[in-house]
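Asks: Please find one structure pasted underneath; my questions will follow.
Rule-based calculations on the coordinates, nothing more; no lab input. Please read all numbers here as calculations on a predicted model, not as lab measurements.
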Amino acid sequence: MPDKDCDYHKGTRPTFNLSFCPFSLGIFLGTAVLVALNRRQSQRNSSEDETLPTCQVVFVLGGPGAGKGTQCELVTQHQPGWSHLSAGDLLRAERQRGGELGDTINKCIADGRLVPSKVTCRLLEKGMHEVYAKSGGTKFLIDGFPRSQGNAEAWKDTMSHHKVEFVLFLDCPEEVMIGRLLERGQTSGRNDDNMQVIKKRFETFELETAPIVDWYDQQGKVKRVSADKGQEDVYADVAALFETL
Ligand code: UDP
Ligand code: MG
């Protein structure tokens with residue numbers, strides 16, 4: 001008496017396999033790819049698993065070379081709990097990672113133009129999550145952002161639940177800023193600290209950033225500090241603003 005199951009396998013398996021296997025293999029491979037992509041995504045976002053609470057934010061703006069980075073560093077040294085996130089530094093770090101995004105960022109920086117708003121905003125959000133995950137910090141100096149209406153809108157889209165305390169505007173005459181940038185250019189290694197790109201950065205500032213500063217001014221959000229002084233003197237005025245928080 002032949003074993004029915006064996007007979008069944010012997011007789012029908014080839015036909016069954018031919019129609020079933022390619023299909024199931026496809027499903028299997030598709031699932032494996034999705035699982036791998038998902039895992040990569042969750043690894044990438046691991047620092048963002050922790051939900052960010054409402055943060056205190058100060059936007060720090062001013063022309064190129066106004067001293068935004070310097071003053072932010074002084075604030076983090078003297079004011080407890082404040083962290084410094086420089087949009088420019090985050091973009092330069094992302095550029096280092098290369099790829100298509102790195103190229104796009106590099107082209108914008110080397111041309112004195114603004115990087116697409118969503119890219120910058122996403123990097124800032126990631127930076128805030130990282131600081132919070134590491135130290136629990138919820139006070140952020142956002143240096144060099146928002147620089148345009150598009151930047152401000154991108155912030156509003158995803159980050160509007162944070163409290164923007166004020167916009168610190170470092171007010172400095174153009175000739176002073178140019179002098180500082182050219183001096184910095186001798187050692188900074190930055191491909192935008194040369195006269196040709198500096199000119200374009202000033203154009204971008206006048207065209208895109210000045211209107212957004214005016215817009216915040218109309219809402220009573222801007223605190224101006226004269227930045228045409230030594231860094232400690234400028235900081236004395238900056239510090240007074242943080243005392244009120
Ligand atoms: N940048 C940008 N969006 C930002 C901040 C910077 O696109 O929100 C780009 C832009 O090309 C700018 C460059 O990064 O010219 C350098 O910015 P950074 O803030 O480092 O320069 P700074 O104004 O402090 O001299
Ligand atoms: Mg800077």
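Asks: Could you pull out every residue, at least 5 positions away or on a different chain, whose amide H is within less than 5 Å of the one on Ser83? Hs are placed 1.01 Å off N in the peptide plane, and Pro or chain starts have none.
Replies: Lys139, Phe140, Leu141
Asks: Write down the Å³ per residue value for the convex hull defined by the alpha carbon atoms of the stretch 49-173.
Replies: Enclosed volume per residue, from the Cα hull, is 116 Å³.
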